[in-house]
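Working notes, beginning with the structure itself.
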Amino acid sequence: MILPIGPIHPGLKEPVRLKLKTQGEKVISAEIDFGYVHRGIERVMKGKTWQKGIFLSERVCGICSYIHTQTFAETFEKIAGERVPLRAQYLRSLTNELDRIQSHFIANSTYFKAIEHETLFMYMLHLREPVMDAIELLTGNRVNMGWNVVGGVRMDAEEKHLNSIYQIITNLEAEYDKYVEMFEEGPLLGLRSKDVGKMSKKDAIKGRAVGPIGRGSGLKHDVREDHHTYKDEFDWKVIWRKEGDNYARTMNRFDEISESIKIIKQVIENIPPGDVRKKIKIPAGYADWRNEAPRGEVAYMAETNGNLIQNISIRTPSIMNIDVCGKYMLQDVATVADAVATYASVDPCVACTERVIILNEKGEKTEFDGLHKVKYLQ
Amino acid sequence: MLDALKDVVRKSSIHVCLINTGGCNGCDIEVVALLSPRYDLEQYGIYVHNNPREADVLLITGAVCEQWKENLQRIYSKAPEPKVVVAIGNCPLTGDVFNQEGSSVYAPVSDFIPVDAEIPGCPPRPAEILAAILAVGPDAIAAKGRQKP
Ligand code: SF4
């Protein structure tokens, strides 16, 4: 029997359609259908000036909006062959890690909601709010911050704000372990999460899983390792696990939060004085740049004539992660409830994913069948 | 008689369905933030469960994409009378940054379904969303309930 879930459904927070092929309670295979929030961002960006593009890139995704602007800015800085001042790099890393913490909290809370553990769901949201306050203190807004510009960040952080953020983070660190332990050692939570939705390392490589989903299956891959600020300035390590089940993915996110807390403390302790913004002249050219978003690798490829964006392509992590979820994790799942929980554990961000609709020559929607056949609409 | 009873009950128990018609989901996570203990939506008798068939209030975020042009009207008609529609964020009001030449959004949402309250902002703060639902929710629902369709 085919059981459709969505697009508007109590278990989902974004519109997407899951088609589960079931045999009794058992889920044999699944298909995930998109297309409900496609806005055509890249199409709109083309032909606009890059100053305008950055605001559009911020609205690719609301949960990880920050990293999109950073990647956009760094792509254009690469075209110019420049790097922003060190203080700006530190501030960018600070916001990035704060954003990662809040995003991981919301991802884990969604997972706990999916396995119907309301208590931890509430605790996660409760821990998240002070982090949102920290972001607001630093950038002036909670979600779409408008904080990055090509050449640095929009405004300098005051000493007293940095101190309050340090305080917030220290408080979080003190409380945090208690809740992680709840999940790590709770016997019933373990039963619902361990060995559910398994994906092997081989499958993860085949499906190109990224971020905590890939790292939960043993792929030690974090783009921050190649990023100049993280490589040269901070002391941190990549978190990864081997199990490849829902438990591993959720724990992986928990451990990454601790790592982010460590980075934030280093940022605030060592932040150098200086400018936060410099004037950058963008020449004509092409560049690509990758960054680690909360959900994995996000890549921007952009071409400009020095003023207008001529071509831009954005690849977000969720597109790969949702794909591996449908192909490898949702095979032979014991119950429908577990299938929904597995889908939530992948931390799907549908708004990120939907920038492309593939049409055939007649303008009908089709399956993606190899790059060589694709022609872009002009 | 039954209707009058329904009105009274509904006043203190509002069921909410969140419909993202194609935004950046920034507004959606602000609604999720409302569930957190700091704002605690449920203490006001508001319950988010995302089921249009039981909803009294439809929260619309997003700028109406291709797929939603027909589906939005369908989901709206599924919700039982009386119902209130609250549009959250700039997206359903104007289309925000997406509403430009070449994009595939069809804002505003009021072209498709009647909207009772609008909250501008990109995204609006959780407290504003809460205030709007409370301001428009109970009374508007009760008032609408008394007129026969
Ligand atoms: S109004 Fe702004 S925050 Fe809300 S969905 Fe639209 S773009 Fe996102």
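The values are calculated or read from the model by the stated rules, or taken from the named source; none is laboratory data. Being a predicted model, the structure only gives us computed values, none of them experimental. All Cβ positions, even for glycine, are placed from backbone atoms using ideal geometry, and neighbour counts span all protein chains on display.
Side notes on the structure shown:
- Within segment A:294-313, tally of residues that are under 30 Å from A:Ile257 (Cα atoms), outside any loop (DSSP other than H, G, I, E, B) and in contact with a Ser or Thr (Cβ under 7 Å, 6 or more places away or on another chain): 3
- Qualifying residue in segment B:63-76 (condition: under 11 Å from the mean Cα position of the chain (by Cα), away from chain A (no Cβ under 12 Å) and either buried (at least 23 other Cβ atoms within 10 Å of the Cβ) or more than 15 Å from the ligand (Cβ to nearest atom) (or both)): no
- Residue within segment B:4-24 that is out of contact with any helix residue (DSSP H, G or I) (no Cβ under 8 Å at 6 or more places or on another chain), within 9 Å of chain A (Cβ to nearest Cβ) and at pLDDT 85 or above present: no
- Taking (1) surrounded by fewer than 16 Cβ atoms within 10 Å (Cβ to Cβ); (2) among the small types (Gly, Ala, Ser); (3) closer than 16 Å to A:Thr95 by Cβ in turn, A:Gly152 satisfies each apart from (1).
- If you filter segment A:238-254 down to residues that are more than 15 Å from the chain's Cα centre (by Cα), part of a helix (DSSP H, G or I) and in contact (Cβ under 8 Å) with a residue 40 or more places away in the chain, you find that the one that is surrounded by the fewest Cβ atoms within 10 Å (Cβ to Cβ) is A:Met251.
- Counted as qualifying within segment A:83-193 are the helices (runs of 4 or more DSSP H) with 1 or more residues that are within 16 Å of the ligand (Cβ to nearest atom), namely A:86-114, A:118-139.
- Members of segment A:311-354 that are of a type in the set (Asp, Glu) and either without any contact (Cβ under 8 Å) to a residue 60 or more places away in the chain or closer than 18 Å to A:Ile67 by Cα (or both): A:Asp347, A:Glu354
- Scan of segment B:96-107 for residues that are in contact with a strand residue (DSSP E or B) (Cβ under 9 Å, 6 or more places away or on another chain) and more than 12 Å from the ligand (Cβ to nearest atom), ordered by number: B:Ser104, B:Tyr106
- Of all residues assigned to segment A:125-134, none qualifies as being more than 30 Å from B:Asn50 (Cα to Cα) and surrounded by fewer than 23 Cβ atoms within 10 Å (Cβ to Cβ).
- Selection count, segment A:21-50, where residues are of a type in the set (Asp, Glu), away from chain B (no Cβ under 14 Å) and outside any strand (DSSP E or B): 1
- Residue that is farthest from A:Gln70 (Cα to Cα), among those in segment A:238-282 that are among the basic types (Lys, Arg) and in contact with a helix residue (DSSP H, G or I) (Cβ under 7 Å, 6 or more places away or on another chain): A:Arg241
Let's see how each residue does on (1) closer than 19 Å to A:Phe34 by Cβ; (2) more than 10 Å from every other protein chain (Cβ to nearest Cβ); (3) crowded, with 19+ Cβ neighbours inside 10 Å:
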{"position": "B:His49", "(1), (2), (3)": "no, no, no"}
{"position": "B:Val57", "(1), (2), (3)": "no, yes, yes"}
{"position": "B:Ala79", "(1), (2), (3)": "no, yes, yes"}
{"position": "B:Val84", "(1), (2), (3)": "no, yes, yes"}
{"position": "B:Ile88", "(1), (2), (3)": "no, yes, yes"}
{"position": "B:Val97", "(1), (2), (3)": "no, no, yes"}
{"position": "B:Gln100", "(1), (2), (3)": "no, no, no"}
{"position": "B:Val115", "(1), (2), (3)": "no, yes, no"}
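- Members of segment B:115-125 found to be within 12 Å of the ligand (Cβ to nearest atom) and not in a strand (DSSP E or B), listed by number: B:Pro120, B:Gly121, B:Cys122, B:Pro123, B:Pro124, B:Arg125
Table: residues versus (1) within 26 Å of A:Asp99 (Cβ to Cβ); (2) touching a residue at least 60 places away in the same chain (Cβ under 8 Å); (3) among the acidic types (Asp, Glu).
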{"residue": "B:Ala33", "(1), (2), (3)": "yes, yes, no"}
{"residue": "B:Val48", "(1), (2), (3)": "yes, no, no"}
{"residue": "B:Val57", "(1), (2), (3)": "no, yes, no"}
{"residue": "B:Asn71", "(1), (2), (3)": "no, no, no"}
{"residue": "B:Ile75", "(1), (2), (3)": "no, no, no"}
{"residue": "B:Pro82", "(1), (2), (3)": "no, yes, no"}
{"residue": "B:Val105", "(1), (2), (3)": "yes, yes, no"}
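- Check on B:Glu81, within 12 Å of the ligand (Cβ to nearest atom) and in contact with a helix residue (DSSP H, G or I) (Cβ under 9 Å, 6 or more places away or on another chain): no
- Count - residues of segment B:104-143 that are charged (D, E, K, R) and at pLDDT below 85: 1
- Residue within segment A:23-39 that is without any contact (Cβ under 8 Å) to a residue 12 or more places away in the chain and not polar (S, T, N, Q) present: yes
- Conditions (1) free of Cβ contacts under 8 Å to residues at least 24 places away in the same chain; (2) within 29 Å of A:Val44 (Cβ to Cβ): number failed by B:Glu66: (1)
- Only listed residue being away from chain B (no Cβ under 11 Å), closer than 18 Å to A:Ile213 by Cα, aliphatic (A, V, I, L, M) and buried (at least 23 other Cβ atoms within 10 Å of the Cβ), chosen from A:Ile101, A:Ile63: A:Ile101
- Looking across segment A:39-91, the residues that are aromatic (Phe, Trp, Tyr) and farther than 19 Å from A:Gly306 by Cβ come down to A:Phe55, A:Tyr66, A:Tyr90.
- Any hit, segment A:289-311, residues being closer than 30 Å to A:Glu158 by Cβ, among the acidic types (Asp, Glu) and at pLDDT 85 or above: yes
- Within segment B:7-39, considering residues that are away from the ligand (no atom under 14 Å from the Cβ) and of a type in the set (Gly, Ala, Ser), the one surrounded by the fewest Cβ atoms within 10 Å (Cβ to Cβ): B:Ser12
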